[in-house]
Amino acid sequence: MHPVLRTVLQRLGLGIVTLLAVSVIIFSSLEMLPGGYAENILGQSATPETVAAFKRELGLDRPATVRYFEWIGKAVRGDFGSSYSGLSGSMKRDVSATIAPRLYNTFFLAAMAALIAVPLSLILGTMAALYRNSWFDRIVNSVTLTTIAMPEFFIAYILVYVFAVKLKLFYPNSTVSIGTPFVEHLYRAALPAITMTLVIIAHMMRMTRAAIINLLASPYIEMAQLKGVSKSDVIRHHALPNAWAPIATVIAFNLAYLVVGVVVVEVVFVYPGIGQLMVDAVSSRDMPVVQACALIFAATYILLNLLADIVSIVTNPRLLHPK
Amino acid sequence: MNTATTPVRTIKARRSVIENIRRNLKTAPLTAWFGMIVILLYAICAVFAPLLAPYGESEIVGKAYQLSSPENWLGTDQIGRDTLSRLIFGARNTIGIALITTLLSFLIGGSLGVLAALKRGILDQGISRVVDAFLAIPVLIFALMMLAVVGKNLINLIIILALLDATRVFRLSRAVALNSVVMDYVESARLRGEGMGWIVFREIVPNILPPLITEFGLRFCFVFLTISALSFLGVGIQPPTADWGSMVAESKSLISFGRPAPLYPAAAIALLTIAVNFVVDWFLHKTSGLRDGH
Amino acid sequence: MVTDKKRVKGETLLDIKGLKIDGYSDDVWNPIIKGIDLTLKRGEVLGLIGESGAGKSTLGLAAMGFARPGCRISGGSIMFDGMDLIAASEEQRRALWGSRIAYVAQSAAASFNPAHHIIDQTVETAVAHNIMTREKAEADARDLYKRLQLPNPNTIGDRFPHQVSGGQLQRAMTAMAMSCRPDLIIFDEPTTALDVTTQVEVLAAMRDIVEQFDTAAIYITHDLAVVAQMAHRIMVLRYGNLVEEATTRAMLKSPTQEYTRSLWAVRKLQKPESISDDIALRIHNVDASYSGAIKVLDNVTVQVPRGRTVAVVGESGSGKSTLARAITGLLPPSRGEIYFNGKPLPRTLAERDKDTLRRIQMIYQSADTALNPRQKVRDIIGRPLEFYLGLKGADRDRRVVELLESIELNESYIDRLPGEMSGGQKQRISIARALAAEPEIIICDEVTSALDQIVQEEILSLLMRLQKKTNVSYLFITHDIATVRAISDEIVVMHQGKVVQQGPKSQVLSPPFPAYTELLLSSVPEMDPDWLTGLLAKRSKKAKVSA
């Protein structure tokens, strides 16, 4: 088997194992509670009978392993079971149906932020690296260091205060629904997208700058210069073919960061995404929803890192052309 | 010269700690100075909160949502407590909780990391694989999930965050300890027949301390921001404890009325993390060239 | 066109006057080159020699009009064939680089771009500067590969850099430098990273091709014997100043400066051989391996007499360092026995008692990693005194000072950290730490190979004096034959995990030699400008005879 294929398969296998391990952790979090989840929810006054009835209703009376395989088996097919809220009534809320539109909204927002942030920060970060120690680089360093240190909601509220409250360019709340037209959706999601862009752009620029500086310090770059290769060819022909792996890592890391940042930003702007759903579910301790959201977040995170690793593998000449 | 007969005089080449600090401060850049002063001010606020605050932590001093006035410089909150006083008490609570959490995380993650680097083998493999799985879940998401399971209270919050953060600390401390473990001076101590205690505390720890101190600053910022985010989301530090994250959440509706109330506590958070980052950045520059041109 | 330019021999090609270069560190500019004149005629090969920190690489790059990031040219002039390289624009310099001035770096493995085929990198300048068409350039590259005696010259260019060996890559880089037939090539320590047996082939190939095309060259190295084979004229540099300049023969025969003579200090050291039958350590039929599959030590038997020095010599991968690990118990032998004073030594470190550990000490190649950077000299040397001999407080400190004096340092060093001492001083502290245990045998693992010649000589002399005083045995592991000649009583030659030859120094170093010893010994450059020529003639004659 070709080493690239073998390494990619190995990495894929590792990704699946990680995903399974994470699903076990997420599932078993419910089992870790001393005294049990049901007892905890119902309080000390609950009689054993009520506890037993509650457990039976949630299906918690069956062995954990059986429930895990049932849960993960359905989850793979996109079925996350029924929500705990509204369980006692006749209307059973389907978790997947609740999540689906919100998942779309979240990916819409994340994609918007990524489309602005990724190219912008790659360009700016590369420039900072190429013009190292210039005034541009120094300003970039201080500004990004400051931005990184700020909580997302601080940036968000400053933007709201300036652009929505004072200048009235945007709405302070980004309410959208299934029927919202695409352009309207773009407009309403603009402020949260800009917030997230600002947050990850700082991280990404710093990482891009460091990666490019590291790359340009390679002896083969100096050698290329000393061979009289023009500046643009040094970058295009000598640096770029070796830059895919570090750049992919930077992008994946930051998109993963974006996925987490989305939780706070959605709450600030009351944007109906999966982050806000998860926060609400945590407050009401609606475990099927919480677990489903956690699994989706973790899976996205793992998938992004997996993609970055695969890019690194398939662009590595040592693997592409074995001895 | 024969010193076998003359008693050895003790040579006082040891530069005092204060002298060292003074030397370092002289060369500190402006940003680092800014950072250190801000951290000092925050520390004073946290320690002397009851003396500095004009009113009590949860003392109701007037009507709700008052604008700033000579009595209440930053106005009052949704149930009529003095915003400035709560900000000052918030320093004590928010910073204190983050600090305890980070210390706990370093205690667990740091000692496990050094142990794994030293022992290698199955122990290292075992811990590393478990940690790898935990690293694949973002901290905020995991913390939210665990808080949903165990319920939101302060002790749970500290334990959960400390454990999750410890996985990150483990990774770093294992890596830096491993760099030190493979050094010839550790092998030399082994060949001498030294016990584990000597090797860890005399050979390895002094060498991994500088990077770990820097990391402590960064982890503190991360924990501090995560706690603030959780509080903002309503599942972190619970009322009536004054805390900056929850204060942002409590006053967020005011912003629509053109009042920047949520910006005060948010700025308080941002300023501290910026300050710590500036100091850490300076530290990184200093320790990267350890003892060059003393 | 550049290549059509008539090459007149004897005409001055490069003329550097009063050159000053500064380097930026600790927020200040420090001088690296302090006003150097250098001239080079067409077709001439100039050797630049000096120890670490002499500024020879900086000067070599400056001959191209190039200063590394963090360096600046602060004074003087660099004239290349009538063109002022300092005043020239970036574009003008770049037009010269690769086509008229080429550079060969120390590490070929790092200096080739991992993402491109070797031949694409070889022809890059010629094609980019429109000197040749790609087809012509590639044909020419294959011709150069053949002239440089690379295996499979027609196809080796289609490989990637990581697919060929270090010695081959170094020759491929020479082909790359030669592709536009430049007027000047800068060789920057091109063979330093290679084993001696590989070095010979690369040196021969480089010298040959430079002669064939009558190219001028600047050859930078720290090894006088190497440069003697390559250069017509030699400049000795130290701390950015010129120490001495002369033709190669004149310099080797009658150097005028003391410093120049110190550059081959180790070669002048010659300990009289002394044989003993009183065996302190006996390694008997030992096998060892790391993973189990490949034997890193294969049936090794070595004896170390009391108060004598046994040198273990071999190239990288010969198993000589593994032998040290087997003796110290870090890597228990899979077969065989190690006897210490006639009694079998417990196989693993954990099974050995404190007193056994005390008797066998070790000194490492790099004092930077062997001394804990956070411990003061007082604690570094004091610890074995306390641990093995139970010395405490003032007694301990008194003994530390005695030991410092025995390694020719004084008590003012007692509170220094390793970072506050020079390389030679640090290695002395390592020696003192080993001596503090009052050992019977010290294993020295390449203890001088990271040091400059003159410091090497000092350390070796110190070790010999200490041996006379304390009657300690040394097991001296090294790859450097000059060091072996200097210090040993007996020699063990190792190759691929096996002992090839062993015996008293006089016997091992005189014929008849087993094949590998012959190859190893004959590959070590000598202080004779005709050595390489003679060696190549001898080897080709032998090849003819056997064919």
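The numbers here are math on the coordinates, done by the rules we state, and not lab data. It should be emphasised that the depicted structure is a prediction, and the values quoted were computed from it without experimental measurement. With ideal geometry, Cβ positions are generated from the backbone for all residues, glycine too; neighbour counts draw on all protein chains shown.
General observations
- Amide H contacts under 5 Å for B:TYR55: B:SER85, restricted to partners 5 or more places along the chain or on a different chain, H placed in the peptide plane at 1.01 Å from N.
- Computed over chain A with a Gaussian network model linking Cα atoms closer than 10 Å, the most mobile of A:ILE302, A:ILE310, A:ILE25 is A:ILE25.
- FRET E, pair A:ALA52, A:LYS74, Förster distance 30 Å, beta-carbon r, rounded to 0.05: 0.75
- Relative contact order of segment C:71-198, defined on C-alpha pairs under 8 angstrom at six or more residues apart (%): 36 percent
- For segment A:203-285, the orientation-averaged shadow of the C-alpha convex hull comes to 7.3 nm² (one quarter of the hull surface).
- Per-pair calculated FRET efficiency, R0 = 35 Å: B:VAL182 and C:ASN241 via Cβ, rounded to 0.05: 0.35
- This model, with +1 at the C-beta of Lys and Arg and -1 at the C-beta of Asp and Glu, gives the protein assembly as shown a dipole about its Cα centre of some 580 debye.
- FRET E, pair A:ARG11, B:GLN238, Förster distance 41 Å, beta-carbon r, rounded to 0.05: 0.45
- Between the helical axis of B:154-181 and the longest alpha-carbon principal axis of chain B there is an angle of about 30 degrees.
- Counting only DSSP H runs of at least 4 residues, each contributing -39500 (n - 2.57), and dividing by the residue count of chain B, the helix-based mean residue ellipticity at 222 nm comes to -21500 deg cm²/dmol.
- Chain A shape via C-alpha gyration tensor axes, a/c threshold 1.5: oblate
- Global form of segment C:1-136, assessed from the alpha-carbon gyration tensor, a/c cut-off 1.5: oblate
- Folded to 0 to 90 degrees: helix B:139-150 orientation relative to chain B principal axis, Cα: 70 degrees
- Under the simplified labelling scheme, the C:LYS136-C:ASN152 pair shows an inter-label distance of 2.9 nm, with each label point 7 Å from Cα along Cα→Cβ.
- Amide hydrogen proximity for C:GLY98: with H placed 1.01 Å from N in the peptide plane, the residues at 5 or more positions away or on another chain lying under 5 Å are C:TYR103.
- Inter-label distance, nm, simple model (7 Å from Cα along the C-beta direction), C:SER422/A:GLU184: 8.1 nm
- Distance between segment C:46-73 and segment A:49-66 - C-alpha centres, whole angstrom: 78 Å
- Leading residue at positive end of dipole, chain C (Cβ point charges), from C:LEU169, C:ALA288, C:THR122: C:ALA288
- Relative exposure of C:MET83, B:MET146, judged by other C-beta atoms within 10 Å (fewest first): C:MET83, B:MET146
- For the pair C:GLN270 and C:ALA128, label points projected 7 Å from Cα toward Cβ lie 5.2 nm apart.
- Reachable aspartates and glutamates from C:LYS34, criterion Cα separation under 12 angstrom, eight or more residues apart if same chain: C:ASP22
- When only the Cβ of Lys, Arg, Asp and Glu is charged (+1, +1, -1, -1), the dipole of chain C relative to its Cα centre reaches about 780 debye.
- In this structure the amide hydrogen of C:VAL243, modeled in the peptide plane, comes within under 5 Å of the amide hydrogens of C:VAL236, C:LEU237, C:ARG238, none closer than 5 places in sequence on its chain.
- The protein assembly as shown: antiparallel DSSP beta bridges as a percent of all, rounded to 5: 55 percent
- Per-residue Cβ neighbour counts within 10 Å put B:ILE79, B:ILE227, A:ILE296 in the sequence B:ILE79, A:ILE296, B:ILE227, beginning with the fewest.
- The distance separating the Cα centre of segment A:239-275 from that of segment C:346-391 comes to 51 Å.
- Size of charge dipole - segment A:166-323 - debye, nearest 20, with Cβ of Lys, Arg +1 and Asp, Glu -1, no other charges: 520 debye
- Local electrostatic count, C:ARG335, Cβ distance below 12 Å [Lys/Arg +1, Asp/Glu -1]: -1
- Alpha-carbon Rg with Dmax, taken over the protein assembly as shown, Å: 35.4, 111
- Chain A: DSSP helices with Cα axial extent of at least 27 Å and average Kyte-Doolittle hydropathy no lower than -0.5: A:3-28, A:95-130, A:190-216, A:244-268, A:287-314
- Segment B:134-201 shape via C-alpha gyration tensor axes, a/c threshold 1.5: prolate
- Length-normalised contact order of chain C in % [C-alpha pairs under 8 Å, at least 6 apart]: 15 percent
- Radius, Kirkwood style, for chain C when every pair of distinct Cα atoms is counted (Å): 25.8 Å
- Dipole of the protein assembly as shown computed with +1 at Lys/Arg Cβ and -1 at Asp/Glu Cβ about the Cα centre; of A:MET32, B:LEU147, C:GLY503, farthest Cα towards the positive end is C:GLY503.
- Antiparallel content of DSSP bridges confined to segment C:427-541, in %, to 5: 55 percent
- For the residue pairs C:LYS320/C:LYS469; C:LYS56/C:LYS253; B:LYS119/C:LYS469; C:LYS320/C:LYS354, the C-alpha atoms sit more than 30 angstrom apart in B:LYS119/C:LYS469.
- Most positive-pole-ward Cα, B:GLN78, C:MET235, B:ALA266, against dipole of the protein assembly as shown from beta carbon charges: C:MET235
- Relative contact order, percent, segment C:281-426 [alpha-carbon distance under 8 Å, six or more residues apart]: 19 percent
- Annotation: the residues A:ARG318, B:ARG92, sorted from fewest to most other C-beta atoms within 10 Å of their own C-beta, follow the order A:ARG318, B:ARG92.
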